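Undergrad: First, the structure itself, so that you have it in front of you.
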Amino acid sequence: MSLISSILPSLNRPATATREPARDLGPTLKPAYELNETADGFALTVYLPGVEHSGLELQADADSITVTGRRAWKKPEGWTSLYRESDDVTYELVLSHDNIIDLDKVQAELRDGVLRVALAKTEAVKPRKIAVS
Amino acid sequence: MTLVRYTHPTLRPLASFARSPWTGLESEIDRLFQSSLGDFAGTTGTRRVPVDLYEDKDNTYVRADLPGVNRADIAIELVDGYLNISASRKTKTADREETVSLTRSVSVPDAAVQADKITAAYENGVLTVTLPKREEAKPRKVTVAVK
């Protein structure tokens, strides 16, 4: 069993069925995102056009990062929609991880519809240099 | 032959108290599909700019999703009946600099738009271009008396 756990670390997570059900957001859209790994952590870039600070929610848990964004813009009175390619639905992005994020050091910035999150790795998973004597 | 009712794997009552090693594997496979195959259906990787068109009495509006672009890097042109929107997104990381070009053209009939009065605004990563209609193109209300 410990061998399986080491191959699939997610086995240490609570079963999906026991998790509390997600809030009802209605239909959601997975936004475009980029995730880059650096030595100290991960740089997450999420493209959320039309989302303001007030409509954005970032939740960092022990095993997942959840980004929820609501578009702030509402169609003004008198405007007729002729053709649509974007959606008004809520953006939702859930990324799971294996408890490797230092939750106290999460930094996020929303600018011009782009959310940049700096996720620091926990000390335990950082590469350590060992001096050979 | 007997029919056995199919229960969804994650709802199997056994899984909640007696942890079977396969519950983790199932979610792992789900995750694999979400991450690698989900991108085919999503917007990731595409460089097309989604646009919305609206109109009211006086103007036609083009709203384009251009997240993370500097105002100075947005160029809007009206050429030969096409409204061309082009922008470049520059991202700098510690070791490299990346520039992504985003372009989109929307067909706009010359006869319907006052080309010299086009304005644009950029807010929260969404560009709104306002194209004022020509007087001739505005809907005219004609009351016809019925004899």
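The values are calculated or read from the model by the stated rules, or taken from the named source; none is laboratory data. Keep in mind it's a predicted model, so treat the numbers as computed, not measured. Quick reminder, even Gly has a Cβ in these numbers, built from the backbone with ideal geometry, and neighbours come from all protein chains shown. Ligands, DNA and RNA are stripped out before the accessible areas are found, and what is left, the full protein with its side chains, is counted by its heavy atoms. Shrake-Rupley method; radii C 1.70, N 1.55, O 1.52, S 1.80 Å.
Undergrad: Residues of segment A:27-52 being more than 22 Å from B:N124 (Cβ to Cβ), free of Cβ contacts under 8 Å to residues at least 24 places away in the same chain and more than 8 Å from chain B (Cβ to nearest Cβ), which ones?
TA: A:E37, the sole residue that qualifies.
Undergrad: Of these, B:Y54, B:Y82, which one is on the phi < 0 side of the Ramachandran plot and open to solvent by less than 40 Å² (accessible area, probe 1.4 Å)?
TA: That would be B:Y54, the only listed residue that is on the phi < 0 side of the Ramachandran plot and open to solvent by less than 40 Å² (accessible area, probe 1.4 Å).
Undergrad: Assess whether A:E77 counts as being open to solvent by less than 50 Å² (accessible area, probe 1.4 Å) and either charged (D, E, K, R) or assigned to a loop (DSSP other than H, G, I, E, B) (or both).
TA: No, not satisfied.
Undergrad: Among the candidates B:T2, B:T23, B:T43, B:T7, single out the residue that is at pLDDT below 85, within 8 Å of chain A (Cβ to nearest Cβ) and farther than 19 Å from A:S86 by Cα.
TA: Checking each option against the conditions leaves just B:T23.
Undergrad: Let me ask you something else. Using the structure shown, decide if A:L119 is part of a strand (DSSP E or B) and more than 11 Å from every other protein chain (Cβ to nearest Cβ).
TA: Criteria met by A:L119.
Undergrad: Follow-up. Against the definition (open to solvent by 60 Å² or more (accessible area, probe 1.4 Å), within 27 Å of B:R48 (Cβ to Cβ) and in a loop (DSSP other than H, G, I, E, B)), how does A:D98 come out, yes or no?
TA: So A:D98 fails the test.
Undergrad: Filter segment A:22-71 down to the residues that are within 21 Å of A:I101 (Cα to Cα), small (G, A, S) and in contact with a strand residue (DSSP E or B) (Cβ under 6 Å, 6 or more places away or on another chain) and list them by number.
TA: Listed by number, the residues that qualify are A:G41, A:A43, A:S64.
Undergrad: Determine, yes or no, whether B:A94 is at pLDDT 85 or above and outside any strand (DSSP E or B).
TA: No, not satisfied.
Undergrad: Turning to a different aspect of this structure: Can you find, within segment B:119-145, the residue that is farthest from the other protein chains (Cβ to nearest Cβ) among those that are part of a loop (DSSP other than H, G, I, E, B) and small (G, A, S)?
TA: This residue is B:A145.
Undergrad: Given the structure, is A:G113 more than 16 Å from the chain's Cα centre (by Cα) and either more than 28 Å from B:E98 (Cβ to Cβ) or surrounded by 13 or more Cβ atoms within 10 Å (Cβ to Cβ) (or both)?
TA: No; evaluated as a whole, the condition is false for this residue.
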